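Heads up: the structure comes next, in structure tokens.
The values are calculated or read from the model by the stated rules, or taken from the named source; none is laboratory data. Predicted model, so just to flag it, every value in this text is computed and none were measured. All Cβ positions, glycine included, derive from the backbone under ideal geometry; neighbour counts span all protein chains shown. Surface accessibility is based on the protein's heavy atoms, side chains included, excluding ligands, DNA and RNA. Shrake-Rupley method; radii C 1.70, N 1.55, O 1.52, S 1.80 Å.
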Amino acid sequence: MADPALPHMGYIPHVVSTAVERAGFTPELSIVPWARAVGNVKAGQADGFISVFMIWEPDFPTVRIEPFYMANIHFAKHKDSSLYFDKLEDLNNLSIAQLRGSWYDSGFESAEHINKVYVTNLMTGLRMVARKRVDLFIEPEHPLLYAISQLPPKERMQLTILPNPLTKHALGVRLGPHMVEDRETVERLNKAFAEIKADGTLQRLIEEHQLRGTIEIP
């Protein structure tokens, strides 16, 4: 989805750079840890960020641009596990790995009977599940599928994804405080993202980056 080693830095950066160019701007994208991304936007060193993570700070106003990707949030489990997920209560007393700094659902985050284990990257979380050190790992479906495919066969064969998502989020660009009142830029970006969805460009990029799993365009 986003990795400097991938063509065009991955699907999400490719979509954003395509739309930003369509809007008449020159894109400069970088992939950094979440806390640094927010800090750069707050400091005015970046115009915005891309993420499914939520911003709840009242003194940090942002403006949301037309979303282009629906992130379905799933759990990965060990293939021999009998665990299932239908409702939040099914997760009680389980240990669940998640990326440090991530936020996916208010009920999940506030649940007191779930043991959350924070990790720094997808591979660590998946390997913990494969080795039965935790019960589940939570992450959007497409990154899960890609990361599992990159594991060695022995570990890859130990993992499966539970079919029911915890929740889903429409993902897009958010512009920072110094851009909130820039109506012209906001309108140009909204128009560009709407156009690449309507004219088939977004579907072409989905096929180019070979996304597997559930495909929804918000």
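Over the Cα atoms of the stretch 133-218, how large are the radius of gyration and the largest Cα-Cα distance (Dmax), in Å?
Spelled out, the Cα radius of gyration and Dmax of the stretch 133-218 are 17.6, 53 Å.
Of LYS77/LYS197; LYS79/LYS154; LYS77/LYS154; LYS87/LYS197; LYS116/LYS168, which sit over 24 Å apart, Cα to Cα?
Working: LYS77/LYS197 33 Å; LYS79/LYS154 12 Å; LYS77/LYS154 15 Å; LYS87/LYS197 33 Å; LYS116/LYS168 20 Å.
Where the Cα-Cα span goes over 24 Å, the pairs concerned are LYS77/LYS197; LYS87/LYS197.
Roughly how many Å is it from the Cα centre of the stretch 1-56 to that of the stretch 81-114, as a whole number?
If you average the Cα positions of each part, the centres end up 28 Å apart.
Take the stretch 113-160, compute every pairwise Cα distance, and split them into 10 Å bins from 0; I just need the percent in each bin.
For the stretch 113-160, the binned pair fractions read 26, 61, 12, 1 percent.
Heavy atoms only, probe 1.4 angstrom, no DNA, RNA or ligands counted: give me ASP135, ASP80 ranked by accessible area, highest first.
Details: ASP135 55, ASP80 105 Å².
Order by accessible area, largest first: ASP80, ASP135.
What is the sum of charges, Lys and Arg at +1 and Asp and Glu at -1, for the other residues whose Cβ falls under 15 Å from the Cβ of ALA97? Don't jump to the answer; show the numbers that get you there.
Details: positive: LYS77, ARG100, LYS116, ARG127, ARG131, LYS132, ARG133; negative: GLU109, ASP135, GLU139, GLU155.
My count for the surroundings of ALA97 gives +3.
Suppose accessible area is computed on protein heavy atoms with a 1.4 Å probe; arrange TYR84, TYR69 from highest to lowest. Display every interim value, and only then the final one.
On the way: TYR84 145, TYR69 10 Å².
The ranking, largest first, comes out as TYR84, TYR69.
Would you calculate, for the chain, the mean residue ellipticity at 222 nm contributed by helices, counting each DSSP H stretch of 4 or more residues as -39,500 (n - 2.57) and dividing by all residues, to the nearest 500? Don't jump to the answer; show the numbers that get you there.
Working: 8 runs with 73 residues, N = 218.
The per-residue figure over the chain is -9500 deg cm²/dmol.
What are the ³J(HN,Hα) values, in whole Hz, obtained from phi via the Karplus relation 6.51 cos²θ - 1.76 cosθ + 1.60 with θ = phi - 60°, for each residue of the stretch 7-22 in sequence order, with x given for Gly and Pro?
x, 6, 6, x, 4, 5, x, 5, 4, 5, 5, 5, 5, 4, 5, 4
Take the solvent-accessible surface of the protein heavy atoms, probe 1.4 Å, and return the percent of it on the chain that carbon and sulfur atoms account for.
Details: 5620 of 11440 Å².
Result for the chain: 49 percent of the exposed heavy-atom area is carbon or sulfur.
Can you tell me, using C-alpha contacts under 8 Å and at least 6 residues apart, the relative contact order of the chain as a whole percent?
Result for the chain is 34 percent.
Once all Cα-Cα distances of the chain are split into 5 Å bins that start at 0, what whole-number percent is in each one?
1, 7, 14, 18, 18, 15, 12, 8, 5, 2, 0
Taking only Cα atoms, what is the 0 to 90° angle, nearest 10, from helix 183-198's long axis to the longest principal axis of the chain?
It works out to around 60 degrees.
Would you mind calculating the gained length between ARG133 and LYS87 on full extension (0.36 nm times residue separation, minus the Cα-Cα distance), in nm to one decimal?
Numbers: separation 46, 0.36 × 46 = 16.56 nm, distance 2.29 nm.
Between ARG133 and LYS87, full extension yields an extra 14.3 nm.
Calculate one ³J(HN,Hα) per residue across the stretch 42-51 by plugging θ = phi - 60° into the Karplus curve 6.51 cos²θ - 1.76 cosθ + 1.60, and present them in order as whole Hz with x for glycine and proline.
Per residue, the Karplus-derived 3J(HN,Hα) values read 4, 7, x, 7, 9, 7, x, 8, 10, 5 Hz.
Rolling a 1.4 angstrom probe over the protein heavy atoms, how many square angstrom per residue are accessible across the stretch 62-218? Could you put the intermediate results ahead of the total?
Numbers: 7940 Å² over 157 residues.
Per-residue value: 51 Å².
So for each of 32-41, 9-18 I average, over its residues, the number of other beta carbons within 10 Å; can you give me the resulting order with the highest mean first?
Numbers: 32-41: 15.4, 9-18: 20.8.
Those peptides, ordered most packed to least, come out 9-18, 32-41.
With charges only on Cβ, +1 for K and R and -1 for D and E, what is the dipole size of the stretch 70-218 about its Cα centre, in debye, rounded to 20?
Values: 19 positive and 20 negative charges, 138 e Å.
Using only the charged Cβ atoms, the result is roughly 660 debye.
Using the charge dipole of the chain (Lys, Arg: +1 at Cβ; Asp, Glu: -1 at Cβ; taken about the Cα centre), state which of LEU99, GLN45, LEU159 has its Cα farthest towards the positive end.
LEU159
Could you size up the charge dipole of the stretch 131-218 around its Cα centre, putting +1 on the beta carbon of Lys and Arg and -1 on that of Asp and Glu, and report it in debye to the nearest 20? Write down the numbers at each step before the final one.
Details: 13 positive and 13 negative charges, 111 e Å.
For this selection, approximately 540 debye.
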